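The values are calculated or read from the model by the stated rules, or taken from the named source; none is laboratory data. Bear in mind that the values here come from a model prediction, so they are computed numbers and not experimental data. Glycine gets a Cβ as well: all are built from the backbone with ideal geometry, and neighbour counts include every protein chain shown. Remember, those area values only see protein heavy atoms, side chains included, never the ligands or the DNA or RNA. Shrake-Rupley method; radii C 1.70, N 1.55, O 1.52, S 1.80 Å.
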Amino acid sequence: MKKKKVLVLLLLILFLTIIVSGCSDEENDEVNSNTDTNSKEISSEVPTLKLGYIFTNHQTPIMVAASKQEKLTDNGIHLEEVIEKEKYKLMEGEEHIANVDLVVSKSGSETMTLLAQNHIDIGLASNTAFITARDQGNPVKILAPVHTEGIGLVVNKDSEINDWEEFLAKSKENEKPMSIGYHSPTSAPLILLEAALKNEDVNYTKDPSDVDADILLVDLKGTSNFIPATTSNQVDAWVGPAPYPELATVEDVGKIILDMKHLPPEGNWHDFPCCVMGTTEDLVESNPQEIEKLLELITAGAEYAQNNRDEAAKITSDFTGVSYEAAKLSTIKYTTNPSDVWIDNMDLTYQTLKNTNSLTDKLVEKSFEEASDEIFDFSFIRNTLK
């Protein structure tokens, strides 16, 4: 009897072992299958570069590259989609050069924080964000512009202010400071506005308790707050990047009183630098080939966006959710060429940062010429544009 019980027990154990083994094999097969599938999509044999960008058509070139993919260029440089708007493979023909993860950031200052903390490897953000980060000891480099211009000054649709002259006059006659919003303390729109106000000898402040100033600059902490700040009358006006000024017009909540490239004296502010592509010194050293190919891609995206305005607007709208009508109204000039005019205007930007006490550390005592080698690395884009 005992032998029969032992035999039954042994048979039961054997049966359970077969079942468990079968299940394990199926699970392993499934895991192996998933691993094989993922390996076709994301290869660990090439580097993964995390690229930060902001939901604005100042950075449409990367959106164009992600949307057009292999249709973008004739030289084979393109992105191949793995997960829409998130993960891509950087390709040159059939060669897989790198994995590219797209990371959305709220502002240039947040982009610099992500770079400093190694949460991203490459950033598309304002040149002023890169310069102030370098001043604070963050070893970042500007590699190339992404565009110029595309900055607007916006007031409530019912405002009696219609142009720059009326804006200046109103700031002088107000009993309390006019409140002007901006989206980031290191943003190009803010620096441009500060340069213009200084040029007009307008007394401005960022201190709400300074009631003697003509203008109070208010940090709205992100582009998404422009429209709410207008409808709620939180500020009298704001300065911001496209497509938000155009969006305020399309949604009939605000009006653009000035495309900032037309600030007086006329012509002085044309091709004013704004967003750039940049990275860290470590990545320049460790991944020069990938950086150069990615710059080729951004250059192709910029050229396409500049020459196909309507299609670029549609891509921007699809990518960001901003209306097509607003994106289409943009006056941005897309280019990755650090031209002589662009560099001269970068000098003006740098001087404005110094004059507004935005530089306080590593660069504060340096001239633009002295700081240029620290701020820029144009070796990659020069090769691309040959």
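Scan segment 302-386 for GluC sites (Glu not before Pro) in coil per DSSP, keeping those whose Cβ has at most 16 other Cβ atoms within 10 Å, and list them by number. Please report the intermediate quantities before stating the final value.
On the way: sites: E303, E311, E325, E365, E369, E370, E374; in loops: E365.
Filter output for segment 302-386: E365.
The largest accessible area among I343, I83, I315 belongs to the first residue in I83, I343, I315, and the rest follow in falling order (1.4 Å probe, all chains).
Give me the percent relative contact order of segment 236-371, please, defined on Cα pairs under 8 angstrom at least 6 residues apart. Don't jump to the answer; show the numbers that get you there.
Numbers: 88 pairs, mean separation 38.4, N = 136.
Averaging sequence separation for qualifying contacts and normalising by length gives 28 percent for segment 236-371.
Computed 3J(HN,Hα) for segment 246-257, one whole-Hz value per residue from the Karplus formula 6.51 cos²θ - 1.76 cosθ + 1.60 where θ = phi - 60°, is 5, 5, 4, 5, 4, 7, 6, 10, x, 9, 7, 8, glycine and proline marked x.
Amide H contacts under 5 Å for D214: N203, Y204, restricted to partners 5 or more places along the chain or on a different chain, H placed in the peptide plane at 1.01 Å from N. Entry comment: accessible area of the chain is 47 Å² per residue, from protein heavy atoms only and a probe of 1.4 Å.
For T335, the residues 5 or more places off, or on other chains, whose built amide H falls under 5 Å of its own are H147, T148. Distance between the C-alpha centres of segment 291-339 and segment 62-128: 14 Å, rounded to the whole angstrom. Name the residues of segment 114-145 whose amide N is less than 17 Å from a point 7 angstrom out from the Cα of I83 along the C-beta direction? Residues 119-121 fall inside that zone.
With a 10 Å radius around each residue's Cβ, average the other Cβ atoms per peptide and rank 351-357, 143-149, 193-199, highest first.
Working: 351-357: 16.3, 143-149: 26.3, 193-199: 19.7.
The most tightly packed comes first, giving 143-149, 193-199, 351-357.
For the chain, DSSP calls about 65 percent of its internal beta bridges antiparallel.
Bridgeable lysines around K172 (alpha carbons under 18 Å apart, same-chain partners fewer than 8 residues away excluded): K198, K206.
For F55, the residues whose amide H sits under 5 Å from its own are S105, ignoring neighbours fewer than 5 places away on the same chain, with H placed 1.01 Å from N.
Would you mind checking K50/K221; K85/K106; K170/K255 for any pair whose Cα atoms are more than 18 angstrom apart? The partial results should precede the final answer.
Numbers: K50/K221 24 Å; K85/K106 16 Å; K170/K255 16 Å.
Those over the limit are K50/K221.
Between the entries (1) 26.3, 109; (2) 20.8, 63; (3) 22.3, 73, the label attached to Rg and Dmax of the Cα atoms in Å calculated for this structure is (1). Computed about its Cα centre, the charge dipole of segment 217-288 is approximately 260 debye, with only Lys, Arg, Asp and Glu carrying charge at their Cβ.
Read phi for every residue in segment 323-328 and hand back ³J(HN,Hα) as whole Hz from Karplus 6.51 cos²θ - 1.76 cosθ + 1.60, θ = phi - 60°, with x for Gly and Pro. After applying 6.51 cos²θ - 1.76 cosθ + 1.60, I find 4, 4, 4, 5, 4, 5 Hz. Placing +1 on each Lys and Arg Cβ and -1 on each Asp and Glu Cβ, with no other charges, gives the chain a dipole about its Cα centre of roughly 1520 debye.
Estimated at the nearest 10 Å², the accessible area of V103 is 40 Å² with a 1.4 Å probe.
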